[in-house]
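What follows is a set of notes on a single structure, which appears directly below.
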Amino acid sequence: MIIKPKTDKTTNKKRYVIYTRCSTDDQAQGDFTTLDSQAYHCKNLLDAFGYELAKIGNKGRIDDDGYSGKDLDRPGIQMIIDHVRRGTAPFDGIIFFRLDRLTRNTRDLYWLIDLFNSKEIAFVSVRENLDSSTAIGRVVIGILGILSAFERELTGERVKASAIARVRQGKWVGGMLPYGYKLIPDGQPLPNGRQPHKIVLDEKISLHLKAIWEMAADNKSLTQVGLELHRRGLKTLNGKEWRRQVISRILKNPFYKGYIQYSGEYHKGTHPPIVEEWLWERANKILNARLPGHNFVQKERFYEYLLAGIIRCGDCGSHMVCNFSGGRGRRKFFYYECSRAKQALGCKAARISATTFDKAIIDYFRRASKDKSIIIKALGDAMLESQAKLEKIEADLKEKETRLNGFRHQANKLLELALGNAVTKGSTYKDKMNDLEAEIAKLEDEIDKLQAQKRVASINACSGELVYRTMGFAIQHLEDASPETQKSLIQALIKDIYVYSDRLVINMYVDEPLEGILPTEIASINEKRPTEACKALASTVSLPEVSDSCQQWLPRLDSNQDT
């Protein structure tokens, strides 16, 4: 995830808006409030990095005084969100003192991260050092985005469990009602103001819909059914003419015989049926017999290629495309193939099994979650650069503090001589004292900026542990995630992968590439049935010893297993 904030063309400096918040009005009263304190720290950090304030709010500052951080229902943050959504933001980034000043709601934080990233708006947290303009910051933000997907999936599981409980009671779980039914009020409103409803037949429509099953049971084709409904003047739910696909979906829907189907469960509903169960069964038996006019086969869902778009041929540099082939028993085999080799344009790279290769990549990152050195290597030059920057800042800070102490000593000595009448307090004395005071003030300002830079650099230099824990948490839950989430995590970390005959190179979104020996089972896949073996990628760099159980540990079969 690389964010390139827009900059002011005239000054070529990044423009930031300072956002502050406090929960009570009392905190916003007085000469120097908590809002002023937050803004002071943010301004120091901006000055330290040479950024400038945007022309928005009160001199580049937007306050939300007296508002809770439990949600985003605040005028200040809403102003920022509106500017970002419309693409008219007069700033390149937003800076705040701590994450809880922005929001205390994890969902809102993930949503804001997605919004800012999509609009290329950088953001910086002074205390936590969430800086989207640095390599480590982008890695942490990318992992947070992946964690938001896990959080959404967990929420979906809770909603699904509640819906299944309703289905087992025969209740409708919500959504658009099937054609031929309607909702009417059922009893008095609840204490929370919600009006209960119940499902009843729409007599004007349900009478005609029953003819669908009657004609299908009499072996009439779907086209004939559609013509009959047209003759009766009945339109679809959207007011359009009938199509065979629409009729087929209505015929197969068990809701019309009084049943509710949800998430693989099938229960008797409390709503009235349109068609008798025996008639529904007979009509569907004929429909599923694949007789002429009834044959509808749902398109099979294919494999989710985890490395689509980021895997390249090491021999010619071309993208490797996703493809599949059929085997015995209608089984499909999925693989990556060099686009030039596929078109016979001079490359002879062999195709590789997508299922085996994807498992190897997942296994590599699983080892990374257990072996911190792999993650530290992935961060590579980004952390080394942060460490070098920290050492340089510390050296500059020490040199300026030494000079500052020297000037203060001279000023104090000159003052003592003047008080002891050893020197006259004439123009020479005043000029000398003014020069010393100017040098002292200049050095104090420079030291303040260096100390702010030191705090940021020290956090950057020690971010390996944070990234390690966060990445480990994400990969720990990787097998429970959907293939789409697995793909999101991998593509948030990997920029591209070059596959050679004997090795592969993984280029991360941070600086240093990872080189690994390509498993022989992957490199030699050129036969009809791809191998099922999955060995972890062995890194060519020297890594600390790990336990035998860790080296031999293999992932369970996930939802991407070919069937």
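The values are calculated or read from the model by the stated rules, or taken from the named source; none is laboratory data. Quick caveat, the model's predicted, so the values are computed rather than measured. So basically every Cβ, Gly included, is an ideal-geometry build from the backbone, and we count neighbours across all protein chains shown. Side chains are part of the model used for accessible areas, which takes the heavy atoms of the whole protein and leaves out ligands, DNA and RNA. Shrake-Rupley method; radii C 1.70, N 1.55, O 1.52, S 1.80 Å.
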In segment 491-518, which residues are acidic (Asp, Glu) and either modelled with pLDDT of 85 or more or farther than 21 Å from Ala349 by Cα (or both)? Asp496, Asp511, Glu512
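With respect to Glu228, determine if the residue is out of contact with any strand residue (DSSP E or B) (no Cβ under 8 Å at 6 or more places or on another chain) and within 29 Å of Asp186 (Cα to Cα).
Considered against the rule, which asks whether it is out of contact with any strand residue (DSSP E or B) (no Cβ under 8 Å at 6 or more places or on another chain) and within 29 Å of Asp186 (Cα to Cα), Glu228 comes out as no.
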Answer yes if at least one residue in segment 331-353 is at pLDDT below 85, surrounded by fewer than 18 Cβ atoms within 10 Å (Cβ to Cβ) and not in a loop (DSSP other than H, G, I, E, B), and no otherwise. yes
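Conditions (1) assigned to a helix (DSSP H, G or I); (2) of a type in the set (Asp, Glu), marked per residue:
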position: Ala48; (1), (2): yes, no
position: Gly57; (1), (2): no, no
position: Asp64; (1), (2): no, yes
position: Ser68; (1), (2): no, no
position: Ile77; (1), (2): yes, no
position: Pro90; (1), (2): no, no
position: Ile95; (1), (2): no, no
Could you list, in sequence order, the residues of segment 304-324 that are open to solvent by 30 Å² or more (accessible area, probe 1.4 Å) and in a strand (DSSP E or B)? Arg312, His319, Val321, Cys322, Asn323, Phe324
Number of the exception - Arg340 against (1) over 18 Å from Ser501 (Cα atoms); (2) touching a Gly at 6+ places or on another chain (Cβ under 9 Å); (3) of a type outside the set (A, V, I, L, M, F, W, C): (1)
Which one is nearest to Ile393 (Cα to Cα), of the residues in segment 58-95 that are open to solvent by 60 Å² or more (accessible area, probe 1.4 Å) and more than 28 Å from the chain's Cα centre (by Cα)? Lys59
